[in-house]
Amino acid sequence: MEKRLLLFLLLLCTCLAAQAQAQDCRCFKAYNSNNVEITTFCVGQEVFFRDCTGNAKPEEEYYDFDDSDGLQFTDYRIKSHVFTEARTYTVTQVANVANCGNTGYYTRTFEVKDISPPHFEITYCANNTVKIDIAESSFDSFLIDYDNEYEVEVFATGEQEPYTFTSAPDPNDRRAITVRGKLKGNPGCPAGTTIYLTPLSPYITPTISQVQVLRQDAATGEAKLTIEGLVQGYQYTLEQRIGGTFQPVRPVSVPSTSITIDKLNTSVPQQFRITGTDACNQNLPASNIITTIPIVADGGNERATVNWQTIAGTFQQFDVYRNGVLQQSFPGATTAYTDANVRCGQQYCYELRGRSADGKSVSVSAQPCVSVTSTTPPPAPDLLASFNLQNEIELSLRLPPGDAAQSITYDRSLNGTPYKNLATTPDLTLTDKLTTIAPVCYRATFTNACNLTSAPSTSACPVVLTVKQNPDETVLLTWTNYSGFSGGVTNYSLELLDESGNVISSKTVQGNRHTEQLANEQEQVFRYRIKATSATGEVTYSNNETIKLELVLFIPSGFTPNGDGLNDVFEVKGKRFERFALRVLNGAGQVVYTSADRAQGWDGTYNGKAQPAGSYAYEVTVTLQDGTTKRRTGTVTLLR
């Protein structure tokens, strides 16, 4: 070793003495691990150095890899080095090269660069187009691989030219984009980054399906747009036509479904559209154009007029609504409507809906409201009179269509006397409580908001029912005709009611009288009324009348319990009672028989033993259908 060191010192001295001559005939090169010459190094890459004259002996060839810390030549066997810092290095060779003045040194300068993978961002645009932005890097160029479909080398960082794919993405709906950095003079250490991304959803042309004027005013107008078809990943802008061209109003965020615009002059037609762009600044198809409709309504004498403004060719149809109900439809060139079906004092709110010429949208106007005047009295109303279950007369007034009453005057005529005022009220219903039920008629007038009074209604005379109970337990029912239906009465029905007023049975009756046979009926109480029905299905009821039949009990004076099948049992028979109780007592006052079953009787025994002939007292207690209790007592003779 000492011998070699001595030799090295001799070489060094000789080298320094012959510096000028040595640089001209000496040579070494750098190689990567694949024995490929390189001129630029990467951080972390092992670089191999080798004399390229062919005249240097390996054991007499030394290298220093960084002269910034002084020259150190320690071991001829160390001819490779890993550079760990990105900067410029000077590599020095000392070698004994034949035909070159023997021992000398030779220097070369190399650039070591950071090989961190390149950083880049991808923007996916419409129509399968992508745009790549490569961040600043130490690489000299970049290879961009577009999902194995296209590869291109670029030499500058920043935004690259957009690329449009022609093939479909992979089965997972993804695309892979790889960017690899390249260094001049060193193909052995490129670094790459791959990003997988999901393609942007296809662009859909947006639609403005409706515009509604919320406030019509030249300075403080307000309109609401309903929009459809906005897709994530795209940028949208609301535009307004101003002076013949569309100007941006505001961005539209996704996923908005409506936009409200204020401080808008809605007293004239305004037109809007929505435009779309992508991140590549491609202008995409714009939405349909939608137009607002200014509307004006005026009230006159028994008519209202509606006028509106439009732009020629914009609409195919207009629909006029009044108080939310469609009144009439017009062609798209129409600009006015007259409504003669109006009544004095009523408020009418009009709305116009325009269907666009392309059929994609509807424009809804504001809703101006007006009232009309009149000098013509309103038509007569219809009055219905009917008894309720409390035998009160309920009056119901129906006004002509479209009319409203400020006040209503009800008149009454009892037993054919002249009409007198009964009440004046704003109510369409009135209840009249008669002291005594008798034939009665009513009529009514109403006064509208223009202080015009209608003609009187047709007289409404409810049906009055009278009942008469005969000794033979028949009932005679008579009634008056109903007056007041415009088409008359088509049917009279006799209804039987329960105690709650529910209909038990109903039968059609003719004329004005009917007899009911009740002798065989077990019921005690019968409630009747007459129902009158008009041709249009309206009904009115008479007063209800109640018939109460007497209790019937059959109690024998004696019985013979001798088993001959004739009069063997003491039993009580009867009808028109609900509950029953029987007690029999012997002469000593002892109770020998009790029963709550009207179908059973006493067989003359007590505790299974036949009782002696004689006179026995009985007590019969019954509860009637109206809740009252009746008690009968007497004696019965037991004969043997």
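Of note:
- In terms of the mean number of neighbouring beta-carbon atoms within 10 Å, the peptides 577-585, 156-164, 268-276 order highest first as 268-276, 577-585, 156-164.
- Peptides 464-472, 225-233, 414-422 ordered by average Cβ neighbours within 10 Å, highest first: 225-233, 464-472, 414-422
- Charge dipole (debye, nearest 20) of the stretch 120-197; +1 at Cβ of Lys and Arg, -1 at Cβ of Asp and Glu: 160 debye
- Note on Leu553/Arg640: beta-carbon distance plugged into 1/(1 + (r/R0)^6) with R0 of 22 Å gives a FRET efficiency of 0.25.
- Of the residues Phe580, Leu238, Pro561, the one whose Cα sits farthest toward the positive end of the charge dipole of the chain, with +1 on the Cβ of Lys and Arg and -1 on the Cβ of Asp and Glu, is Pro561.
- Ellipticity estimate at 222 nm from DSSP helix runs (n ≥ 4, -39,500 (n - 2.57)) divided over the chain, nearest 500: -1000 deg cm²/dmol
- Under the convention that each Lys and Arg Cβ holds +1 and each Asp and Glu Cβ holds -1, the size of the dipole of the chain around its Cα centre is about 2820 debye.
- Ordering Thr257, Pro400, Phe526 by the projection of their Cα atoms onto the charge dipole of the chain, which places +1 on the Cβ of Lys and Arg and -1 on the Cβ of Asp and Glu, puts Phe526 at the extreme positive end.
- Full extension of the chain between Gln600 and Glu37 yields a length gain of 189.4 nm, computed as 0.36 nm times the residue separation minus the alpha carbon distance.
- The calculated FRET efficiency for the pair Ser329 and Ala357, based on their C-beta separation and a Förster distance of 22 Å, comes to about 0.90.
- Toward the positive end of the charge dipole of the stretch 120-197, with +1 on the Cβ of Lys and Arg and -1 on the Cβ of Asp and Glu, the farthest Cα among Phe139, Pro162, Asn128 is that of Phe139.
- Two-site label geometry, Lys468 and Glu523: point separation in nm, points 7 Å out along Cα→Cβ: 2.3 nm
- Listed values (1) 442; (2) 190; (3) 169, entry calculated as volume of the Cα convex hull per residue in Å³: (1)
- Based on Cα contacts under 8 Å between residues 6+ apart, the chain shows a relative contact order of 6 percent.
- Efficiency of FRET from Cβ geometry, Ser116 and Lys57, R₀ 45 Å, rounded to 0.05: 0.65
- Cut-off 20 Å, label 7 Å out along Cα→Cβ of Ala610, residues of the stretch 546-590 by amide N: 558-571, 585-587
- Cross-linked pairs Lys57/Lys182; Lys57/Lys113; Lys468/Lys531; Lys548/Lys573: Cα-Cα separations exceed 25 Å for Lys57/Lys182; Lys57/Lys113.
- Computed from Cα atoms, the angle from the helix 2-17 axis to the main principal axis of the chain rounds to 80 degrees.
Bear in mind that the values in this text are calculations on the coordinates, not laboratory data. Quick caveat: nothing in here was measured; it's all calculated off a predicted structure. Please note: Cβ atoms are built from the backbone with ideal geometry, for glycine as well, and neighbour counts cover all protein chains shown.
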